[in-house]
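Worksheet: one structure, shown below.
The values are calculated or read from the model by the stated rules, or taken from the named source; none is laboratory data. The model shown is predicted, which means the values in this text are computed figures rather than measured ones. All Cβ positions, even for glycine, are placed from backbone atoms using ideal geometry, and neighbour counts span all protein chains on display.
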Amino acid sequence: MLKKGMFLVISVIMVFVLLIVYWNIYDWETTVIGSKENVLSSWHYELNEMDSEKAIFSYGVTLYNDSNEPKVVRTIQPSYKNEIKIIEHDNAITVNKKLQPNEKYEVNWDIIVDTKEITELNVKTVKAVLESVTIAMDKSNYTYYQN
């Protein structure tokens with residue numbers, strides 16, 4: 001009887017460990033509005049200071065097709081918070097990429113911001129400015145919000 005109890009406890013622990021490992025590998029940092037179709041698998045941020053008045057905030061997303069069917073990604077439309085003054089940015093990034101099953105594809109872009117009114121300039125600031133990303137696909141759009 002003791003062996004069956006130990007086996008059950010070890011089995012439950014192994015399931016929890018496997019779930020934790022799974023979520024750490026895929027690192028989902030998004031809340032999806034719409035379908036549960038996962039296309040965006042990770043976010044990337046970088047700060048490149050230009051001078052005392054401007055900086056380049058670099059962003060990127062990794063797209064991943066977790067289905068058995070190809071998916072076509074048309075555009076990515078980032079949305080930014082109004083807390084800072086953005087000098088230059090693209091309203092939409094053209095992708096036009098057919099993602100095959102289990103294929104990953106990284107998309108990167110930059111914005112130039114006015115840093116005169118920013119008190120603390122670091123990667124957390126860069127992350128905080130990007131509010132969401134809308135991915136336009138063949139048949140629908142998916143909006144991903146950062147947690």
Failed criterion for VAL107 (all others in (1) of a type in the set (A, V, I, L, M); (2) over 17 Å from the mean Cα position of the chain (by Cα); (3) closer than 25 Å to LYS139 by Cα hold): (2)
LYS139 being over 16 Å from the mean Cα position of the chain (by Cα), basic (Lys, Arg) and modelled with pLDDT of 85 or more: no
Filter pass, SER35 being surrounded by fewer than 16 Cβ atoms within 10 Å (Cβ to Cβ), under 21 Å from MET137 (Cα atoms), modelled with pLDDT of 80 or more and under 18 Å from the mean Cα position of the chain (by Cα): no
Qualifying residue in the range 59-68 (condition: surrounded by fewer than 15 Cβ atoms within 10 Å (Cβ to Cβ) and of a type in the set (A, V, I, L, M, F, W, C)): no
Members of the range 111-147 that are in contact (Cβ under 8 Å) with a residue 60 or more places away in the chain, over 24 Å from LYS71 (Cβ atoms) and among the acidic types (Asp, Glu): ASP114
Counted residues, the range 61-94 - those being closer than 16 Å to LYS139 by Cα and basic (Lys, Arg): 2
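For the range 69-84, name all the residues that are surrounded by 13 or more Cβ atoms within 10 Å (Cβ to Cβ) and under 30 Å from GLU53 (Cα atoms). Reasoning before the result, please.
Residues of the range 69-84 surrounded by 13 or more Cβ atoms within 10 Å (Cβ to Cβ): 71-78, 80, 84.
Within the range 69-84, ILE76, GLN77, PRO78, TYR80, ILE84 qualify.
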Selected residue (criterion: surrounded by the most Cβ atoms within 10 Å (Cβ to Cβ)) from residues of the range 104-140 that are under 12 Å from TYR45 (Cα atoms) and among the basic types (Lys, Arg): LYS127
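Working only within the range 110-125, note down all residues that are within 17 Å of the chain's Cα centre (by Cα) and either closer than 17 Å to THR143 by Cα or at pLDDT 85 or above (or both).
Within the range 110-125, ASP110, ILE111 qualify.
Do you know which residues across the range 50-90 are among the polar types (S, T, N, Q), in a loop (DSSP other than H, G, I, E, B) and at pLDDT 85 or above? Please lay out each step first, then the result.
Step one: list which residues in the range 50-90 are among the polar types (S, T, N, Q), which gives 52, 58, 62, 65, 67-68, 75, 77, 79, 82.
Now narrow it down to the ones that are in a loop (DSSP other than H, G, I, E, B): 52, 65, 67-68, 82.
Selection gives ASN65, ASN68.
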